[in-house]
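Input: a single structure, listed below in structure tokens.
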Amino acid sequence: MSEPKKLFIKTYGCQMNVYDSERMAEALGGQGYVETKSPDDADMILLNTCHIREKAAEKVYSELGRFKGLKAEKPDLKIGVAGCVAQAEGQEIMRRQPLVDLVVGPQSYHRLPEMEAKTRTGEKALDTDFPEEDKFEKLKNRPKAKRGPTAFLTVQEGCDKFCAFCVVPYTRGAEVSRPADRIIREAQDLVERGVREITLLGQNVNAYHGAGPNGDMTLAGLIWELNKVDGLERIRFTTSHPNDMTDDLIEAHGTCDKLMPYLHLPVQSGSDHILKRMNRSHTAESYLRLIERIRAARPDILMSGDFIVGFPEESDADFQATLDLVDEVQYGYAYSFKYSTRPGTPAAERPQVDPQVADERLQRLQALITRDQRKIQDSMVGRNVHVLFEKPGRQQGQMVGKSEYLHAVHVADADVAVGALREVRITSSGANSLAGELV
Ligand code: SF4
């Protein structure tokens, strides 16, 4: 019986890349690969890349350069690049970095077994197609391992919004929604393997409209179907666009018990001028009205957002409008970044904001966000929440999990197993987590 081959996957970027890396490991599992945590004893190294940040491709090339020595020691070592930089750069990666054997885009990684076999004959393998066939169907019969209590599940890919700063429509393609029955089957399989909470993923997940038994199904329709899956306790979804928050989805937040009271709803800026220049097709006012409707449906919902400061042409007044919006919404979480140019996007050609000004704005915004995040966390003290325990904590006997509001909660001396869903009384609030005791 030959030794299993070792696969080292390094994942960059978003939750969808995390999901894709799991699928790629399963795909290569059929070729006799088992995962290893170190590139030093790998027979294959796969970088699953992200194209979101400036100079993303350059970072991949420098990372690849670090494997030169390993490849010299192990000539049979195969090196592959996957993900959005693979999609954007394609053949160019092999031209600039000859030690790369395989380049595969996010839409064709179900062909990895054939591509890997091709590299074993000494040939290079390149595939950045947008194939018709459903990659998930091709992967469904791959051997699958036991899982922890939480999992991601891709339901929609690609995006048709073309925000002026974003590469996703170019690297992930047009919006495609998976058929509902295949998603439900995958969710049942995840529950059988130990999962109790599923986060539905999509670059524009609330635009989901997959084939269902009675025609197209919305995301809310899909959530109500998943609500029937025995053993599945909690449902989340990310990432949403304000323009696709449908009435039935807002209503589901108010009435579907398994749908968690946490919503990530990026807005990027509070200035209508900048929102227009970003091609976000909504205003700050319509976004605030939407938040009001969502909070009317689910008053305790925790809102999360995304912000870009220093977008081309952003004035002091535009930035102040962003601060005002953040102040009005009071986010439980918000991710904020300085604008960075992405090659091939419309905004990349525009005059840039002074980097020092952008730095200063980012600090002011993050100070405001941290103030609100802390205030909301502190308001949890004395309340009972429901925690899905995910792993042991750093201290002896400590267990850690997430509340329904996605707050990290640790409990000392917790006689609970991984996967247990228990009521916890919050006793204190720290910088990024809460402490509590079992009820
Ligand atoms: S909606 Fe999101 S994924 Fe789509 S183009 Fe805009 S930022 Fe990118």
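Return the pair list, or none, for Cβ contacts closer than 8 Å from residues in region 196-218 that are without any contact (Cβ under 8 Å) to a residue 12 or more places away in the chain and at positive phi to residues that are in a strand (DSSP E or B) and more than 15 Å from the ligand (Cβ to nearest atom), at least 6 apart or on different chains. Hits for this filter: zero, empty list. Being under 28 Å from residue 88 (Cα atoms) and open to solvent by 20 Å² or more (accessible area, probe 1.4 Å) is a property that holds for residue 337.
Set side by side, the residues 211, 207, 220, 180 differ, and just one is over 25 Å from residue 299 (Cβ atoms), out of contact with any Gly (no Cβ under 9 Å at 6 or more places or on another chain), hydrophobic (A, V, I, L, M, F, W, C) and open to solvent by less than 40 Å² (accessible area, probe 1.4 Å), which is 207. Scanning region 31-49 turns up at least one residue that is open to solvent by less than 60 Å² (accessible area, probe 1.4 Å), over 23 Å from residue 114 (Cβ atoms) and assigned to a loop (DSSP other than H, G, I, E, B). The strands (runs of 3 or more DSSP E) falling completely within region 225-318 that include 3 or more residues that are more than 16 Å from the ligand (Cβ to nearest atom) map to 234-238.
From the list 175, 186, the lone residue that is within 16 Å of the ligand (Cβ to nearest atom), open to solvent by 10 Å² or more (accessible area, probe 1.4 Å) and in the same structural domain as residue 294 (by TED's automatic domain parsing) is 175.
Every test in (1) more than 26 Å from the chain's Cα centre (by Cα); (2) in the same structural domain as residue 197 (by TED's automatic domain parsing) is passed by residue 366 save one, and that test is (1). The number of residues in region 69-115 being part of a loop (DSSP other than H, G, I, E, B), touching a helix residue (DSSP H, G or I) at 6+ places or on another chain (Cβ under 8 Å) and either closer than 17 Å to residue 16 by Cβ or open to solvent by less than 10 Å² (accessible area, probe 1.4 Å) (or both) comes to 6.
Exactly one condition in (1) touching a residue at least 24 places away in the same chain (Cβ under 8 Å); (2) open to solvent by 10 Å² or more (accessible area, probe 1.4 Å) is false for residue 167; which is it? Failed condition: (2). Count of region 148-172 residues, restricted to those that are over 26 Å from residue 269 (Cβ atoms) and within 16 Å of the ligand (Cβ to nearest atom), is 2.
Applying a threshold of 9 Å to beta carbon distances and a minimum spacing of six or more residues, or different chains, the list of pairs starting in region 273-300 at a residue that is not assigned by TED's automatic domain parsing to the domain that holds residue 252 and ending at one that is more than 16 Å from the ligand (Cβ to nearest atom) is empty. Only one entry in 229, 191 is surrounded by fewer than 21 Cβ atoms within 10 Å (Cβ to Cβ), in contact with a Gly (Cβ under 6 Å, 6 or more places away or on another chain) and more than 30 Å from residue 57 (Cα to Cα), namely 191.
Beta carbons closer than 7 Å, at least 6 apart along the sequence or on distinct chains, pair a first residue in region 1-26 that is at pLDDT below 95 with a second that is among the aromatic types (Phe, Trp, Tyr) and crowded, with 17+ Cβ neighbours inside 10 Å for 4/33; 5/33; 15/152; 18/152; 19/152; 20/109; 23/109; 24/109.
Check off (1) surrounded by 21 or more Cβ atoms within 10 Å (Cβ to Cβ); (2) closer than 23 Å to residue 149 by Cα for residue 268 and give me the number that stays unchecked. For residue 268, the failing item is (2).
The values are calculated or read from the model by the stated rules, or taken from the named source; none is laboratory data. Because the structure is predicted, anything quoted here is derived from the model rather than measured. Virtual Cβ from ideal backbone geometry, glycine too; neighbours counted across all protein chains shown. Surface areas here come from the heavy atoms of the whole protein model, side chains and all, with no ligands, DNA or RNA. Shrake-Rupley method; radii C 1.70, N 1.55, O 1.52, S 1.80 Å.
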